[in-house]
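The values are calculated or read from the model by the stated rules, or taken from the named source; none is laboratory data. Just so it is clear, the model here is predicted, and its values are computed rather than measured. With ideal geometry, Cβ positions are generated from the backbone for all residues, glycine too; neighbour counts draw on all protein chains shown. Each accessible area value is taken on the protein alone, full model and side chains, heavy atoms only, with ligands, DNA and RNA left out. Shrake-Rupley method; radii C 1.70, N 1.55, O 1.52, S 1.80 Å.
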Amino acid sequence: MTNRLRNVLLLSVGMALSSHAAINRKTLVTRNNPTITSVDTMASLSVGNGGFAVTTDITGLQTFPEYYKNGVPLGTQSEWGWHSFDNPEEYRIEESYKMYDFGHGHRELYATQPKSGRAKEAADWYRCNPHRLHLGCIGLEIEGLKPNDIQEPRQTLDMWNGIISSKFLTHGTTFSVQTVCHPKRDMIGGQVKGKNVAINLRFPYPTGGHSDDACNWNANDKHQTELVSESAHEAVMKRTIGKTVYYVTLHWKEQAKLKEKKQNYWVLSSTSNYLTYTCEFSPTLSAQEGSWEATAEASAHYWNNFWNQGAAVDFSKCTDPRAQELERRVVLSQWLLAIQCAADTPPQETGLTYNSWFGKFHMEMIWWHQAWLPLWGHYKLMDRTLRWYERVEPIAHEIAMRQGFKGIRWMKMTDRSGEEAPSKVGSFLIWQQPHLIYLAELLYRRDPRIDILERYGQLIDETATFMADFASYDKEHDRYILKGMIPAQETLKASETYNSPFELSYWHFALQIAQHWRERRGLERIALWDDIIRKISVLAKDEENRYLAAESAPDTYQTPQLFSDHPAVLGAVGILPLSRLINTSVMKHTLAWIWENWNWDHTWGWDFPMVAMNASRLGLPEKAVSALLMDKRTNTYLPNGHNYQDQRLRCYLPGNGGLLTAIAMMCAGWDGCTDKNPGFPKDGKWNVQWEGLQPLPDNVKSMSCLHEY
C-alpha cells in the first residue's frame with residue numbers, strides 16, 4: 001500500500017469514527033461569531049492573513065490606541081516589520097557569552113545575561129534588538145472623540161467571511177464600519193459610512209519595551225512619514241525609522257482629500273458620507289492597486305475554503321453544560337491562530353497583536369502554536385513556517401559548535417534572522433530541540449511526498465545528531481542521562497538538574513522518529529541512536545510512586561516552588577506516547593497528586609491542554625474535559641477568544657494552540673487507539689461530532705505498521 005493511499009485511509013477512518021452526517025461548517029462557525037456591545041478593552045477583534053494582522057477597537061478601526069494599550073492592544077504587525085535602535089557603543093553578542101562545564105567532556109559557551117557592566121549592557125541590547133514594529137494605526141477622525149462618546153455599539157466578527165462589522169452612535173451620527181484583511185497581501189480594507197467621514201493614519205515610534213503595544217506617541221522627531229506620490233485616489237507614504245524603511249499605500253474610491261495634520265499624522269477626508277479604502281503595508285514599493293470590494297471578495301473566498309477544507313468539531317448535540325463554552329473556545333482559537341500564527345516565520349506568544357519579549361518568538365512554543373495545523377487539515381500553513389528552519393540552520397549549527405556539540409542546536413528566543421537572544425533561562429532549554437522532528441512527522445503523515453522527506457530529512461538528521469551527542473553515557477548504570485539543561489519546568493537549575501521526565505521521553509520518542517525518517521529515505525539506522533533509544537533512563541519516582549520533576553530533585557513534593565510552574569512531568573505522556581520509560585499506574589498516581597495539590601493559579605495556558613492530553617492517554621476522560629475548562633485565571637478565554645494569563649500577557653496563543661491539539665487527540669485519539677472520542681466521558685452527555693481530524697502519533701512500531709501495511 002502506498003503512503004498516499006495509507007493517508008487517504010487514515011482520513012477515511014477519521015471520518016468514519018465521527019459516524020454522523022456531515023457537519024454544517026457555516027452554521028458551526030457563525031454561531032460562535034463574537035458580538036461586542038460595549039467599549040471593552042479586553043474584547044478587541046482582529047483580522048489577518050497569518051503573517052499580517054490588524055486589531056480594532058469598538059469602532060472597527062484603531063481610533064483609541066492609547067485607551068486600549070493595557071487591554072488587548074490595537075496592533076498592526078507583520079512578520080517582516082522589525083527595527084533596531086542604534087548601537088553607538090558597538091556591543092557584540094560575544095560579550096554576553098559565558099563558559100560552563102556541565103560534565104559533557106568539554107566546556108560550553110552560552111549567550112546569557114550577565115548581572116553588571118558592559119557585558120550586561122550588551123546582553124540587554126541584543127535582547128531588545130531587533131524588536132517588532134507597530135506599523136501604524138487607522139482610526140476614525142472626529143475632533144475630540146473619546147471612548148465614552150461611543151453609544152449603542154454593536155460589533156460582530158464574521159469569521160466565515162473574515163470581516164468585522166461595527167455600528168455605533170456618536171455626536172448625533174450613526175456610523176457603520178466594515179474592516180477586512182486581504183488573505184495574500186498585507187493590506188487592510190475598510191468601508192466607513194457616516195456624516196463627514198474622515199479617517200486618520202497615525203504612526204508611532206517603537207518603544208523597545210519587553211511587553212507593550214510598541215507605540216511611543218511622543219517621539220515624532222525620531223521618525224518620518226514622507227508623502228512620495230499622490231493622485232486623485234492614491235497616496236504612497238515612505239516610513240523611515242532609523243535604518244528601517246517601509247511603505248504605506250492608501251487607495252480610496254470616493255472623492256477625498258489627504259492632508260498632514262501634524263508630523264506622522266495624516267487625515268483622509270471624504271467629500272461625502274462614505275469612504276471606501278484600502279491601506280497596504282510593505283517593505284518595498286507595491287505597484288498593485290487595491291480596492292475594498294476585491295479585498296472583501298478575496299477574504300470571503302479564503303475563509304470559506306479554510307473552514308470547509310479543514311477539520312471540524314461540533315458540540316451542539318452535547319448536553320453537558322460546559323460543551324457550548326468549549327466549542328466557542330475551539331472555533332475562536334482556530335481563527336486567532338490562523339490570522340497571526342501561520343507565516344514564513346514562527347509566531348511570538350502574543351501573535352501579531354502586541355509585543356511580548358520584544359516581539360521575538362520562542363522556539364519551544366512553536367509546537368503549541370502549530371501542531372494543531374496538520375491535525376486539523378491545514379498542513380500547508382505549517383509547512384510554510386517550518387521552512388524557516390532551513391534558512392537559519394547555519395546559525396543553529398554555530399550554536400552547537402561553540403558549545404562543543406555535533407549537529408545543530410535550535411535557538412530558543414530569536415527573531416526572523418535566527419540570531420540567538422541572550423537569556424539566563426532560554427539559552428539552557430533543550431525541549432525546543434525535538435519539535436522540528438515531531439512537527440515534520442505530523443506534516444509527512446498528512447502529505448507523504450518524497451520532497452517533504454528531502455526538504456526536512458537532513459535537518460532531522462542534524463537535529464538528532466545534537467540530541468545524541470548531548471546525551472551522556474552513565475557507564476556505571478549502563479544508561480544514558482540528560483544533564484546540563486533547564487527543563488520545561490523552569491524553576492530547576494541547569495548546573496544541578498539531570499533526567500527531567502518530559503525531556504527524557506521526548507528524546508526517546510524523537511530519536512525513534514529520526515531513525516524512521518532515515519529508513520524512509522533509504523538510509524541505514526544510526527547505531528548510537530538505537531543504543532540511546534534502548535538505554536535512555538526511565539523516569540525517576542519517589543517512595544510514594546510519584547514521578548519526580550527530575551531525578552536530581554528527590555524532594556520534589558516537599559518543594560512548594562515547584563508547584564507553581566508547569567507540571568511538566570505530565571508532558572511525558574499525552575504530548576508523547578506511553579513507552580518503556582513510564583509505568584502507567586505511577587503516572588496516574590502522579591496526575592492524581594498534581595490535580596489535588598498543584599498551585600493552578602500560577603500555571604500557564606498550555607498547561608491545561610497538556611494535562612488534558614495526559615489524562616486522555618491514561619483513560620481518564622472526565623479529567624481531560626475538566627482540565628480544559630478548569631476555572632483558573634490562566635485558563636480564561638476572553639470574548640474574542642484570547643487566552644488571558646495576567647496583566648502582562650493578556651493574549652497567550654500557545655494556550656489556544658494547545659487547546660486545539662488536545663481536542664484533536666480527545667476526538668481522533670492516537671495511532672492504534674480504537675476508542676471512539678477517547679478524551680470525552682462516556683456518560684451520554686458528550687455526543688461530540690467531528691470530521692477530518694488526524695490522530696496523534698503513538699510509538700514507532702505502530703507508525704511502521706501504518707506505513708508498511
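Quick notes
- Entry note, the chain: the mean residue ellipticity at 222 nm calculated from DSSP H runs of n ≥ 4, each adding -39500 (n - 2.57), is -10000 deg cm²/dmol after division by the residues and rounding to the nearest 500.
- Sequence of HIS171, HIS223 from largest to smallest accessible area, 1.4 Å probe: HIS171, HIS223
- Listed residue (ASN614, TRP160, TYR91) projecting farthest to the positive dipole end of the chain, Cβ model: TRP160
- When only the Cβ of Lys, Arg, Asp and Glu is charged (+1, +1, -1, -1), the dipole of the chain relative to its Cα centre reaches about 940 debye.
- Percent carbon-and-sulfur accessible area, the chain, ignoring ligands, DNA and RNA, probe 1.4 Å: 49 percent
- Simple label model, 7 Å out from Cα along Cβ direction - ARG449 to LYS380, nm: 1.0 nm
- Charge dipole (Cα centre; +1 on Lys/Arg Cβ, -1 on Asp/Glu Cβ; no other charges) of the stretch 425-486 amounts to roughly 200 debye.
- The angle separating the long axis of helix 117-128 from the principal Cα axis of greatest extent in the chain is about 70 degrees.
- Relative contact order (%) - the stretch 587-662, alpha-carbon pairs under 8 angstrom, separation at least six: 31 percent
- The packing ranking of peptides 648-655, 39-46, highest mean first, is 648-655, 39-46, where packing means the average number of other beta carbon atoms within 10 angstrom of each residue.
- Options (1) 31.2; (2) 29.1; (3) 26.4 - which one matches Kirkwood radius over Cα pairs in Å as calculated here: (3)
- Net lengthening on full extension, ARG580/THR173 (0.36 nm per residue, minus Cα-Cα): 139.6 nm
- 0 to 90° range, to nearest 10: angle between helix 3-18 axis and the chain longest Cα axis: 80 degrees
- Listed residue (LEU268, HIS602, ALA219) projecting farthest to the positive dipole end of the chain, Cβ model: LEU268
- In this Cβ point-charge picture (+1 for Lys and Arg, -1 for Asp and Glu), the stretch 194-305 has a dipole of about 400 debye about its Cα centre.
- Taking packing as the residue-averaged number of other Cβ atoms within 10 angstrom, the listed peptides 79-91, 659-671 run from highest to lowest as 659-671, 79-91.
- Annotation: lysines with alpha-carbon distance below 26 angstrom to LYS238 (same-chain offsets under eight excluded): LYS69, LYS184, LYS222, LYS253, LYS257, LYS259, LYS261, LYS262, LYS360.
- Principal-axis tilt of helix 501-520 within the chain, Cα atoms, nearest 10 degrees: 90 degrees
- For the listed peptides 95-106, 561-572, a ranking on the average number of other beta carbons within 10 Å per residue, highest first, reads 561-572, 95-106.
- Alpha-carbon centroid distance for the pair the stretch 74-121 / the stretch 308-352, whole angstrom: 35 Å
- Here's the picture: charge each Lys and Arg Cβ at +1 and each Asp and Glu Cβ at -1 in the chain, and of LEU28, ASN635, ILE399 the one pushed furthest to the positive end of that dipole is LEU28.
- Prolate/oblate/rounded label for the stretch 543-645 (Cα gyration tensor, a/c 1.5): oblate
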